[in-house]
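Structure first, commentary second.
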Amino acid sequence: MKIKRFQSLTFKLTVWYIVILGTIVILAGLFLHQGIKDGLMNDLDTALVAITDEAHERWRTRGVSWEEAIEKAEERYASYEPFIQVVEISEGEDKKVENVIRSVRIPEGAFMLETRTYIRADRTDIDSYIFRTVEEDRLSSYPLRIFLFPVWGPLILQVGVSLEATAAQLNRLFFIMILTGSIIMLLASVGGSFIINRALHPVKSVVKTAEGITAEDLSLRIDLKNRKDEIGALVETFNSMIARLEKSINKIRQFSGDVSHELRTPLTIIRGEIEVLLRKDRPKEEYVTTLNSVLEESHRMEELIDGLLFLSRVEAMDRSKGREIVDLDEVLNAVIKFRSPTASNKNISIDAKIKPVQLKGNRELLERMTANIIDNAIRYSNSGDHIEIELEKEKNTAKLQIRDTGIGIPEKSIPLIFDRFYVVDPSRSKETGGAGLGLSIVKWIAEYHNAEIKVDSKVNRGTNFIVTFPLD
Ligand code: ADP
């Protein structure tokens, strides 16, 4: 699948990253700016107090006139370019500004505040030290920071400094912050998208490999060199899923190959025999023999197809359903009764010791399972052999044993007999008519009932099938 750039995880993560980082940078900038602004204003207020002190002290201790004190203080703090004046308020009930002694730098009428502000300053409590920021076009195109200091009685010392220098400093700071903020954002975006790209790179290789995997070629695996993170876990899961798929597809392939082969063999035999038969006229007995052989082969095919149908049906079955309480002893007795004539015909005796056992299971499947094992015992035993069937409870299990004194199974074949189409001796199986599906069905049914199955066998001595069912 082609992922659009704007829909890609890389893009989305980068955008999120930039938005979050941008917000943090802007907030940090705002706090920093405000902090520095407060600091500068504090410095300015301290300077205002110092200038006021200077003028006041000169006037008070050196006995100079206000004009001279103002001039000297302005000279001393020339770098601040301060504006200084002394406002005199009338005494008595109806207070108003009576006189102003101003610095030569202040034009007449400028730098004046409202009368009630001066009246407020004309008190001795702490509130009367007033700081203000005011606009005064005639003195500065920037606002003025002003300090009012009640000297005594009706005199108020008023000192002001333009905020121009502070504003310039703040502007410079703002510019530097924008610049560094932009550089940080740029580097962070480039770096961030690089890191995100790198982190997500394995996902791209997962997608690429996954695209290369088809039902025809499931051998591809994603190589991520032992990553221990989430992506490593994803890849591992993915790889093991593909491995399982490969295994089951191979199994299916093998199975369909085997099925065609198994069906083909009897068909080839049938066709061959009929062709030979038709080449010339033959005596009646030969037709009967061939037809019997054809009949036998078609029985084998029927059995095979029957087994395959059964397996495909039960494999599609919901394993959690279809269970009921079954009397296993009844099932077993019925199967034995039905098989007894075949055994007698072959001169094989069956001895059954069956105790009552109830378990939760599927009657039809249990019938099939016991029938298959008993059929085998009859099939792979010879005249005069003996079969023992035993069912008993053991702790919380039911133990079923089907023993025969027949031909036995070679040790190396024992692990294979439950595989589909596996027959120990094909020539013998042909004779006796097995398709190699019986025990794979038995195994499936045992698994369905959570039963354990064990085989003890010795060639020419006999075989014992032990099935242990859990009883809960
Ligand atoms: P088949 O249809 O050939 O009997 P099964 O799956 O039932 O196939 O059994 C697989 C093979 O296991 C048989 O071909 C047979 O050789 C061997 N086998 C099964 N049961 C017995 C037994 N009781 N005694 C000897 N051999 C057995």
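All but one of (1) at pLDDT 95 or above; (2) of a type outside the set (Lys, Arg); (3) surrounded by fewer than 20 Cβ atoms within 10 Å (Cβ to Cβ) hold for PHE465; state the number of the condition that does not hold.
Unmet for PHE465, out of (1) at pLDDT 95 or above; (2) of a type outside the set (Lys, Arg); (3) surrounded by fewer than 20 Cβ atoms within 10 Å (Cβ to Cβ): (3).
Anything in the stretch 377-400 that is in contact with a Leu (Cβ under 8 Å, 6 or more places away or on another chain) and more than 16 Å from SER340 (Cβ to Cβ)? List them, or say none.
Within the stretch 377-400, GLU390, LEU391, LYS393, ASN396, THR397, ALA398, LYS399, LEU400 meet the criteria.
To keep it simple, each residue is scored yes or no on (1) away from the ligand (no atom under 14 Å from the Cβ); (2) assigned to a helix (DSSP H, G or I); (3) not small (Gly, Ala, Ser).
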position: LEU291; (1), (2), (3): yes, yes, yes
position: VAL294; (1), (2), (3): yes, yes, yes
position: SER298; (1), (2), (3): yes, yes, no
position: GLY307; (1), (2), (3): no, yes, no
position: PHE310; (1), (2), (3): no, yes, yes
position: ARG319; (1), (2), (3): yes, no, yes
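What tally of residues in the stretch 205-224 results from selecting those that are in a loop (DSSP other than H, G, I, E, B) and either touching a helix residue (DSSP H, G or I) at 6+ places or on another chain (Cβ under 9 Å) or in contact (Cβ under 8 Å) with a residue 40 or more places away in the chain (or both)?
Counting residues in the stretch 205-224 that are in a loop (DSSP other than H, G, I, E, B) and either touching a helix residue (DSSP H, G or I) at 6+ places or on another chain (Cβ under 9 Å) or in contact (Cβ under 8 Å) with a residue 40 or more places away in the chain (or both) gives 9.
Conditions tested, residue by residue: (1) in contact with a Leu (Cβ under 9 Å, 6 or more places away or on another chain); (2) closer than 16 Å to ILE146 by Cβ.
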site	(1), (2)
TRP16	no, no
LEU21	no, no
ILE36	yes, no
THR46	no, yes
VAL64	no, no
LYS72	no, no
GLU98	no, no
ARG105	yes, yes
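Which members of the stretch 409-459 meet the condition of being under 27 Å from LYS360 (Cβ atoms) and either modelled with pLDDT under 90 or within 11 Å of the ligand (Cβ to nearest atom) (or both)?
Once the filter is applied, which keeps residues that are under 27 Å from LYS360 (Cβ atoms) and either modelled with pLDDT under 90 or within 11 Å of the ligand (Cβ to nearest atom) (or both), the stretch 409-459 yields PHE418, LEU437, GLY438, LEU439, SER440, ILE441, VAL442, LYS443, VAL455.
Would you mind stating whether THR14 is over 27 Å from MET177 (Cβ atoms), touching a residue at least 12 places away in the same chain (Cβ under 8 Å) and crowded, with 17+ Cβ neighbours inside 10 Å?
no
The values are calculated or read from the model by the stated rules, or taken from the named source; none is laboratory data. Treat the numbers as computed from the prediction; the structure is a model and nothing was measured. Backbone-built Cβ (ideal geometry, glycine too); neighbour counts: all protein chains shown.
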